[in-house]
Amino acid sequence: SLEMATLRRQLAEANLANIGLGQNRSALEMKGLKTFSTEVEHLLAESREQRRALQELERQLAAGQVDVLLEQTRDINGVRVLAARVDTGGASVADVNTLREMCDRFRDKLGSAVVAFGAVVEGRPMLVVAVTNDLIARGLHAGKLAGAAAARMGGGGGGKPSLAQAGGKDAAQLDAAV
């Protein structure tokens, strides 16, 4: 950067002039460290902002899959079930929070239903299960469903009756778990 080049030039001039070398060099090095620290902080903030923007785009992409996903809803013993892998077809899911948000959104949209979404997140298979209150009253439990699915992926899971998550070690088993 221009500031660093200026600092280097000033440091070289101080060395050549050999006037107050110890004090000048020390002051310039401290100024350089402060500038470097400020630049690092700026880059980290920019990285966080870009990560948030990417996650928002992924959420919008996932929201765009609504109709496609709703078509996958099926009736199992009188219970509406939407279970799908949501990181296929070029889509990706940034984190388990995105899966939770999607489950909540679809559970609310479907009314009475069990919703389970799975994805490979950072190389690990993840699954989130949501169950509506009326189905909880009929004995369904998201934590137990997530735990059973996790066992298929070589992992563990659980949670509340209304919302639970599971993780595994074997990403190849995610489709079977969903």
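Listed values, structure above:
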{"read-out": "Estimated FRET transfer efficiency (THR73, ALA137; beta-carbon r; R0 22 Å; 0.05)", "value": "0.60"}
{"read-out": "Label-point separation in nm, ASP104 to GLU49, each point 7 Å along Cα→Cβ", "value": "2.6 nm"}
{"read-out": "Dipole of the range 71-178 [Lys/Arg +1, Asp/Glu -1 at C-beta], most positive-end residue of LEU82, LEU127, ALA137", "value": "ALA137"}
{"read-out": "Net charge of Cβ neighbours under 9 Å - reference ALA119; Lys, Arg +1; Asp, Glu -1", "value": "0"}
{"read-out": "Sum of side-chain charges, LYS109 neighbourhood, beta-carbon under 12 Å (Lys, Arg +1; Asp, Glu -1)", "value": "0"}
{"read-out": "Burial order of peptide ranges 152-162, 76-86 (average beta-carbon count within 10 Å, highest first)", "value": "152-162, 76-86"}
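Throughout, read-outs are computed from the coordinates displayed, never taken from laboratory work. Bear in mind the structure is a predicted one, so any value in this text is a computation, not a measurement. Ideal geometry is used to build each Cβ from the backbone, glycine not excepted, and the neighbour counts take in all protein chains shown.
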